[in-house]
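What follows draws every value from the coordinates through simple rules; no lab data is involved. Keep in mind that what you see is a predicted model, and the values were worked out from it rather than measured. Every residue, glycine as well, gets a Cβ built from its backbone with ideal geometry; the counts of neighbours run over all protein chains shown.
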Amino acid sequence: MALNKPISAIVFDAYGTLFDVHSVVALCETLFPGQGQALSQSWREKQLQYTWLRSLMGRYEDFRELTRAALFWAAEARGLELAPASAARLLDAYLKLAPFAEVPAALAALAPVPRAILSNGTPAMLEPLAATTGLAQHLDAILTVEALGIYKPDPRVYHLAVEHFRCPADEILFVSSNGWDAAGAKSFGCTTVWVNRGGAPLEQLAVVPDAIIGDLSALAPLLPAR
């Protein structure tokens, strides 16, 4: 279904949408044979939980430290002894995540519409990652929650895109693979596309995305003629 409304900018979630957070599985498996997939999954789930919990508690910690805490929790929960050297290797791998295969071409196909990242990550995590993967050439900005000290889906996070691009919220097309994130952006007022890579059910949050796609290669055809 085409999006029959003006779009002034396209804003992407980073982790899980542009970058594959589970590209660390191979290293997890090398360090903990037979546990790689499960460790990666637990790590990601706890990382997200900590963003929500710290926001509710009013106890912000930046995404790098939160990711570290989630890793140690996930390892302990699975009965794994995480040596400092192994932890350092895994955290370093998170700074070198691979983009999903279709992402570079999908971003290029959206030009000349301005494109940006809006992420829970820190600039120190995201800017080198965008540069080394070549995605920076397709992005006009990298916006993060760091200055706000609170995480998605707080409405103030999505307002960062409105402030940056100086346009109404519904002219921001927000794209995320996280259903709860797409719901948060839609609740704020953005036009939203949910990239449902895993065939998950729709979040029951009384808001629905404007479109659902399987991966980012299907995004450009949704846009109005430009």
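The table that follows gives values for the structure above.
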{"read-out": "Nearest 10 degrees, 0 to 90: helix 63-77 Cα axis against the chain principal axis", "value": "50 degrees"}
{"read-out": "Loop trypsin sites (Lys or Arg not before Pro), the range 12-78, which have at most 16 other Cβ atoms in a 10 Å radius of their Cβ (DSSP)", "value": "R59, R78"}
{"read-out": "Cα pair distances of the range 81-179 binned at 10 Å [whole percent]", "value": "13, 41, 34, 10, 3"}
{"read-out": "Helix-derived mean residue ellipticity, 222 nm - over the chain, DSSP H n ≥ 4, -39500 (n - 2.57), to 500", "value": "-12500 deg cm²/dmol"}
{"read-out": "The chain: C-alpha pair distances exceeding 34 Å, %", "value": "12 percent"}
{"read-out": "Simple spin-label estimate for E102 and C167 in nanometres, 7 Å along Cα-Cβ", "value": "2.3 nm"}
{"read-out": "GNM result for the chain, Cα springs below 10 Å: residue of A88, A206, A74 fluctuating most strongly", "value": "A206"}
{"read-out": "Spin-label model distance (nm) - A141 vs R197, 7 Å beyond Cα toward Cβ", "value": "2.5 nm"}
{"read-out": "GNM flexibility winner over the chain from L53, L216, L129 (Cα, springs under 10 Å)", "value": "L53"}
{"read-out": "Angle in degrees between helix 123-132 and the longest Cα principal axis of the chain, rounded to the nearest 10", "value": "80 degrees"}
{"read-out": "0 to 90° range, to nearest 10: angle between helix 179-188 axis and the chain longest Cα axis", "value": "40 degrees"}
{"read-out": "Whole-angstrom Cα spans of the range 21-94 along principal axes, big to small", "value": "37, 21, 19"}
